[in-house]
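Inspection log for the structure reproduced underneath, given as structure tokens.
The values are calculated or read from the model by the stated rules, or taken from the named source; none is laboratory data. Please read these numbers as outputs of a predicted model, since none were measured by experiment. Virtual Cβ from ideal backbone geometry, glycine too; neighbours counted across all protein chains shown. Calculation scope for accessible area: heavy atoms of the full protein, side chains included, ligands and nucleic acids excluded. Shrake-Rupley method; radii C 1.70, N 1.55, O 1.52, S 1.80 Å.
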Amino acid sequence: MGGAGYTSLRQLDRLSDRIRLHKQVDSRQVAIVEGATDERILARAFGKEKIVYFQAGTRSLALDAAKQLVGWGKDYFVCIVDRDFDDEVGREKEENPHLHPYENADLEAMLAVSRVGVDLIAELGSEGKIAARGGIPEIIAKLYEMVQPIATLRRANMENGWGLAFDKVDLVAKIDKKNMLLKVQSYCAALSDASEGSPGQAVLIEYANGARTVSAPSSCPRGSTPFFRGRDFLAILCAALCGYCGSKRPQAVDPESLAESLRLAGADYLRTSRWGKDLLSIIHLSE
């Protein structure tokens, strides 16, 4: 099948149309989310009695559905997405009051800078090692310091359109676990080698070290700082828990496992946070 006149089933199955049809038989308010993990934590936080969740599959499809619904004058929905390192969500938010991105770059980052992140370190770390490092606030400050060069590279990647393959580089392997230092040169070399559009490791190192700066650093309008990708932070935390502030084996605290732990523990925080209260206000469910 093919040809200029061919329309795929995916094109016909627009999320906004499905939501509008569903609302004809379901009085619950609507939450548009990117994927299954978002639905699970939000359902634990806010329940399903008054909210029905629709998974878009990607941020782009979620934003498209939200734009169409607001264009139709619908006010029964909220669209919850990651902000990431580009400016698309910020632009869309100016036109769509039903868009409610997570604080910081994404869900995991939002939880990591909250009390949930503190609890995670306290639970998985070694009490003696944490004390020896000056306590959890000092450890968190160290992790924030280490993740910032990567956040800068992500923003530089967006501004310059390099298409860097961050997911192809094992960040944990690029950390000096004894001294808890990011091996900047080694990381940038691996990132450059993995990316066809890389400007070269020398340029990447200059951004990572601050010799070059991005035009506009990524930031969260709601004040969540520092701004970073959640899984970058969790990769660094994984390394820290394997010696610096804990005695875990890498397999027990890999970044995905830590992300799962954050999400499992984060529902109560989402429900009681200002962000959660604002979410309910958007869909007229404020207490």
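One table, with the values for the structure above:
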| read-out | value |
| --- | --- |
| Qualifying residue in segment 152-169 (condition: in contact (Cβ under 8 Å) with a residue 24 or more places away in the chain, on the phi < 0 side of the Ramachandran plot, buried (at least 16 other Cβ atoms within 10 Å of the Cβ) and of a type in the set (Lys, Arg)) | yes |
| Odd one out for Glu206 among (1) touching a residue at least 40 places away in the same chain (Cβ under 8 Å); (2) open to solvent by 10 Å² or more (accessible area, probe 1.4 Å); (3) not β-branched (Val, Ile, Thr) | (1) |
| Qualifying helices (runs of 4 or more DSSP H) (wholly inside segment 43-141; at least 1 residues being surrounded by fewer than 18 Cβ atoms within 10 Å (Cβ to Cβ)) | 59-71, 88-95, 115-124, 127-132 |
| Residue within segment 268-281 that is modelled with pLDDT of 95 or more, more than 20 Å from Asp106 (Cα to Cα) and of a type outside the set (A, V, I, L, M) present | yes |
| Filtered residues of segment 253-267 (kept if open to solvent by less than 30 Å² (accessible area, probe 1.4 Å) and either basic (Lys, Arg) or not in a helix (DSSP H, G or I) (or both)) | Arg263 |
| Residue among Leu234, Leu270, Leu279 that alone is touching a helix residue (DSSP H, G or I) at 6+ places or on another chain (Cβ under 9 Å), over 29 Å from Gly135 (Cα atoms), crowded, with 22+ Cβ neighbours inside 10 Å and not hydroxyl-bearing (Ser, Thr, Tyr) | Leu279 |
| Index of the failed condition, Asp193 passing every other in (1) under 18 Å from Tyr144 (Cα atoms); (2) of a type in the set (Asp, Glu); (3) open to solvent by 30 Å² or more (accessible area, probe 1.4 Å) | (1) |
